[in-house]
Structures are given as C-alpha cells and as structure tokens.
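Scroll down for the structure; my scribbles are underneath it.
The values are calculated or read from the model by the stated rules, or taken from the named source; none is laboratory data. Here the structure is a predicted model, which is why all the values come from computation and not from measurement. Note that each Cβ is placed from the backbone with ideal geometry, even for glycine, and that neighbours are counted across all protein chains shown. Remember, those area values only see protein heavy atoms, side chains included, never the ligands or the DNA or RNA. Shrake-Rupley method; radii C 1.70, N 1.55, O 1.52, S 1.80 Å.
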Amino acid sequence: VLEGYIDLVYRDDDGGLVVVDYKTDTVPAEALDRRVAFYRPQMAAYVAGLTAAAGLPVSRAVLLFLSPTAAIERTVDDVEGAITRLNDEIRAG
C-alpha cells in the first residue's frame with residue numbers, strides 16, 4: 001500500500017514524465033543535500049507507483065524547496081537504486 005500525493009507531474013521534452021514534490025520545511029543551504037537524501041525513498045515510491053500506474057517512463061524526480069524568499073530546485077539522483085532498495089526491503093518483510 002502506498003499513500004501520498006505527487007504535487008506535480010508533467011511531460012518533459014523527451015516525452016518522459018517529471019515528478020515534482022514541493023517541500024515547505026525550512027532547510028539551510030548547507031543541509032539541502034542531506035534533505036534530498038532523506039526524501040529519496042519517498043520520491044522512489046512515487047516514481048515506481050506512477051510508472052506502474054501510467055505505464056510511462058519517469059525521466060526525472062525533482063524536489064522543489066519553497067520558502068517566502070526563494071524556490072530551490074534539486075533533482076533527486078539514483079531514484080532507480082532507491083527503488084531497488086525499497087523492493088528489497090519489501091521482499092525481506
């Protein structure tokens with residue numbers, strides 16, 4: 001069972017889908033990489049679920065950190081590896 005909300009999905013120029021998740025928690029610039037790593041499993045679950053449901057490839061997963069003064073975009077790398085790790089954890093029970 002997966003419960004969550006993808007904030008935005010759109011087609012990239014290459015035809016793949018882009019998954020965007022908005023984050024409104026306050027994150028200092030020096031902590032952004034750690035926050036991206038923290039959210040990687042969530043984004044992997046979104047990508048896996050969307051790919052299964054839509055039957056279309058996801059070309060990118062993006063976190064958009066929003067604050068009253070800035071919007072900072074970070075692409076989530078190694079989503080495929082995170083999906084593999086999630087599947088392994090599910091199988092291990």
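Along the stretch 56-68 the Karplus relation, 6.51 cos²θ - 1.76 cosθ + 1.60 evaluated at θ = phi - 60°, assigns HN-Hα couplings of 10, x, 9, 8, 8, 10, 10, 9, 10, 7, 10, 9, x Hz to successive residues, with x for each Gly and Pro.
Remark: the chain carries 65 Å² of accessible area per residue (probe radius 1.4 Å; ligands, DNA and RNA excluded).
Only protein atoms count toward the accessible area here, which uses a 1.4 Å probe; on the stretch 1-82, the carbon and sulfur part of that area reaches 54 percent.
Packing, as the average of other Cβ atoms within 10 Å across residues, places the peptides 26-39, 71-84 in the order 71-84, 26-39, highest first. Using C-alpha pairs under 8 Å with a sequence gap of at least 6, the mean separation divided by the residue count of the chain gives a relative contact order of 30 percent. Estimated from helical segments only, the mean residue ellipticity of the chain at 222 nm is -13500 deg cm²/dmol, where each DSSP H run of four or more residues counts as -39500 (n - 2.57).
Rounded to the nearest 20 debye, the dipole magnitude of the chain is 160 debye, with +1 charges on Lys and Arg beta carbons, -1 on Asp and Glu beta carbons, and the Cα centre as origin.
A simple spin-label model places the labels of V62 and R85 2.4 nm from each other, with each point 7 Å out along Cα-to-Cβ.
Using the Karplus relation 6.51 cos²θ - 1.76 cosθ + 1.60 with θ = phi - 60°, the per-residue 3J(HN,Hα) values for the stretch 28-35 come to x, 3, 6, 9, 4, 4, 5, 5 Hz, with x marking Gly and Pro. Find the centroid of the Cα atoms in the stretch 28-63 and in the stretch 1-26, then give the distance between the two in whole Å. What the calculation gives is 8 Å, centre to centre.
The smallest convex shape that holds all Cα atoms of the chain, its convex hull, gives 111 Å³ per residue.
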